[in-house]
Amino acid sequence: MTETLTMGRAINQGLRCALERDPKTLLMGEDIGRLGGVFRVTDGLQKDFGEQRVIDTPLAESSILGAAIGLAMRGYRPVVEIQFDGLVYVAFDQIVSQLAKMHARSAGRVRMPVTVRHPYGGGIGAVEHHSESPEAYFAHTAGLRVVTPSNPVDAFHLVQQAIASDDPVVFLEPKRRYWDKAEVDVGSAPGLPMGSARVVRSGTDVTLVSYGPMVRTCLEAAAAAEGDGTSIEVVDLRSLAPLDLKTVIDSVRRTGRCVVAHEASVFLGMSAEVAASVTEECFYELESPVLRVGGFHTPYPPSRLEHHYLPDLDRVLDAVDRSLAY
Amino acid sequence: MAIPTHAVDDTCVQLLTPEGERVANADFPLDVSDDELRALYRDLVLVRRVDAEATALQRQGELGLWAQVLGQEAAQVGAGRALVSGDMAFPTYREHGVAWCRGVDPLAVLGLFRGTTNGGWSPEEHGFAHYTIVIGDQCPQAVGYAMGMQHDAAENAAMVFFGDGASSQGDVNESFIWASVFNAPVVFFCQNNQWAISEPLERQTRIPLFQRAWGFGFPGVRVDGNDVLACLAVSRQMLQRAREGAGPALIEAFTYRMGAHTTSDDPTRYRLDTDVEAWRLRDPLERVRSFLHKQQLVDDAFFAELDDESEQLALSLRDGLRALPDPSIDDLFANAYAEPHSLVERQHDEFARYLAGFAIENAP
């Protein structure tokens, strides 16, 4: 059953499996039907599952979330697509004030099995509001889970695990990796639970922690460093809330050094939480402070500048070198 | 062109005048038995009693806050009694009268304002969603729920409550669009009580709110919100229409918030006593009382029994409120997520250990 799939196609296959498995699963979003989504992630699903289950909505993100909450109260399992990262803020109130709080508010009586999918991150030369990394907002919000795949295999499984969860899950799709390909066994069971991180490359000198679009960059950095005699272990977080700290901490205890890389601004970004947790748990094992690599505290730049804003292989290795030199 | 926004205009549906005279309306006939009339009056009286008791309990420090429903009892009882089993109501934080009609224990409502819960009842069991405090958020949720009813081919409808202030919210206007294009079985019930805390209706709209419905593609009706019979008749008809697949409708119940916005508010800073006095003459309870009297549908014993029931209810609320247990910190951790969550579990364990440290210190 192994197929070569892009990440976009792998998510499509995952959505198809979820729609086949549970008649209560519905897809809602803008342009997800006949068009198949602006990135074609929902391509063909409306044709096969009908307009009642793959629903093109009015252009109103807040109500996409509000309606999903109502459908979840009615016993449905809505999967909503927000077309771009910079458009999710329109729905922020429904996500933060309603979706995230409903289970606690109702003392567990009302479940919110809602999946919020949206592409995130830069690197595709897009216009403003189409390259942002809002993951920290959601990870900071109690009541939500946040996951992000870095490769097609994880994308296929994680999206199904997100949909199967009885909690609301923000599923972040690294848009510049939509076209990355891998062999995906669409008949296989997921190798890891949804909340698990994974060591994607073993190493001994420094732990490089990342997620989503930056994992590939980090793997490339690790391959380049190997030539210089530096052995980098790369951890793909996969789940940003909750964090699988055990996998990170086990790695840092082996290497004694830790660098965290992501596209989002480092100030109060995911790397801040990882750095604080690693410091708390590995204080005596650390050979150097945890270093962070990421975006600047500026609005995301016009795309002709984004190569400076997005951490590349060299900026990651610069941080690795500083960690080793400490 | 004169734009009526602040007075009941000619199109306002009324079946019982402030003087207690029954009037007919060809579009909204109401067949109501004597028993139903007495039951409606009982609802109005008891809802008012709950409200008065809660206000007093707030003044005594037993509630952190209370949002009075005073003056809006007829709108809420009329709408609430139009709902049937299987329908779902989506309230704001002031729908104590609808809660009453849906069989929610008033004590559960008071618990929200005492701080013992943020929810307090089962939405599914009562057909009554949790109170929503962010203005207008419940409207798209109600539409989603109604879309679910439509998918299920259920012959039910959702009814969502909001106010004149909320009519300015994006979510409310979006929900009109969604309801319209999906033909969702949802009735929008706007209680126009003239004030959004201190902001008058003129700051929200230049046309009567019910007229907005036509722009979204469904009918709008203005009803005398202090006339329980009119509110019942219009709500019944619009709900039935939605249940039968004819789509959404907007009801504007034209009423008045006789009390403060909440017990923290001071309406003397922004409105005139004379306005309040004018609305007092339109009281939603007095007209029913007067009608029942004139029609000789009740006797002194009826009122005496109702007074007694009312006092018993207040007494049980006072006692029950003080006896409400504080929520458990363990439940806070337990209910943050439906499924196990490593961070919450760790914090729960750490906090339990922290608390246990005091137990050891305080041991004899």
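Every read-out reported here was derived from the displayed coordinates using simple, explicitly stated rules and does not represent laboratory data. This is a predicted model, so every value here is computed, not measured. Glycine gets a Cβ as well: all are built from the backbone with ideal geometry, and neighbour counts include every protein chain shown.
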How many nm separate the modelled label positions at A:ASP43 and B:ASN25, each set 7 Å beyond the Cα in the direction of the Cβ?
5.6
Please identify which residues in region A:149-185 have an amide N closer than 20 Å to a label point set 7 Å out from the Cα of A:THR2, following the Cα→Cβ vector.
A:150-158, A:180-185
DSSP beta bridges in the protein assembly as shown, what fraction antiparallel, as a percent rounded to 5?
20
Dipole moment magnitude, nearest 20 debye, region B:34-323 about Cα centre, only Lys, Arg, Asp, Glu C-beta charged
660
Region B:16-32 and region A:25-104 have their Cα centres apart by a whole-number Å value of 44
Any residue on another chain or 5+ positions along whose placed amide H is under 5 Å from the amide H of A:ARG145 is listed here as A:VAL169, A:VAL170
Between A:PRO58, A:PHE84, A:ASN12, whose Cα lies farthest towards the positive end of the dipole of region A:1-90 when Lys and Arg beta carbons carry +1 and Asp and Glu beta carbons carry -1, centred on the Cα centre?
A:ASN12
Quick check: from the Cα gyration tensor, does region A:153-296 come out rounded (a/c under 1.5), prolate or oblate?
prolate
If you take every DSSP beta bridge fully contained in region A:198-325, what fraction is antiparallel? Give it as a percent rounded to 5.
25
In debye to the nearest 20, the charge dipole size for the protein assembly as shown, taken about the Cα centre with +1 at each Lys and Arg Cβ and -1 at each Asp and Glu Cβ, equals 820
What is region B:34-323 by shape, rounded, prolate or oblate, if you read a ≥ b ≥ c off the alpha carbon gyration tensor as root eigenvalues and call it rounded for a/c under 1.5, prolate for a/b larger than b/c, and oblate otherwise?
rounded
In debye to the nearest 20, how big a dipole does chain A give about its Cα centre with +1 on each Lys and Arg Cβ and -1 on each Asp and Glu Cβ?
980
Using the number of other C-beta atoms within 10 angstrom as an exposure proxy, rank B:GLU309, B:GLU277, A:GLU281 with the fewest first.
B:GLU277, B:GLU309, A:GLU281
Here the FRET efficiency for A:ASP321 versus A:THR298, based on Cβ atoms and R0 = 30 Å and rounded to 0.05, is 0.75
Roughly what % of DSSP beta bridges within chain A run antiparallel, to the nearest 5?
25
Positive-end extreme of charge dipole, chain B - chosen from B:SER33, B:VAL50, B:MET149 (charges on Cβ)
B:MET149
The distance between the Cα centres of region A:186-201 and region B:134-201, in whole Å, is 42
In nm, to one decimal, how far is the A:GLU226 label point from the B:ILE197 one, both placed 7 Å along Cα→Cβ?
6.1
Given backbone amide H placed at 1.01 Å from N, residues whose amide H is under 5 Å from that of B:ALA89, ignoring those fewer than 5 places away on the same chain, are B:PHE128, B:ALA129, B:MET159
Burial order of peptide ranges B:136-148, B:204-216, A:141-153 (average beta-carbon count within 10 Å, highest first)
B:136-148, A:141-153, B:204-216
Rounded, prolate or oblate: which fits the protein assembly as shown, taking a ≥ b ≥ c as square roots of the Cα gyration tensor eigenvalues, rounded meaning a/c under 1.5, else prolate when a/b beats b/c?
prolate
Projected onto the charge dipole of the protein assembly as shown (unit charges on the beta-carbon of Lys, Arg, Asp and Glu, signs +1, +1, -1, -1), the Cα from B:PHE358, A:ALA67, A:THR217 with the largest positive-side position is that of A:THR217
Using alpha carbon centroids, what distance separates region A:255-272 and region B:295-322, in Å?
64
Where labels lie 7 Å past Cα in the beta-carbon direction, separation of B:ARG346 and A:TYR284 in nm
1.9
If the chain between B:LEU324 and B:GLN240 were fully stretched, how many nm would it gain, using 0.36 nm times the residue separation less the Cα-Cα distance?
26.4 nm
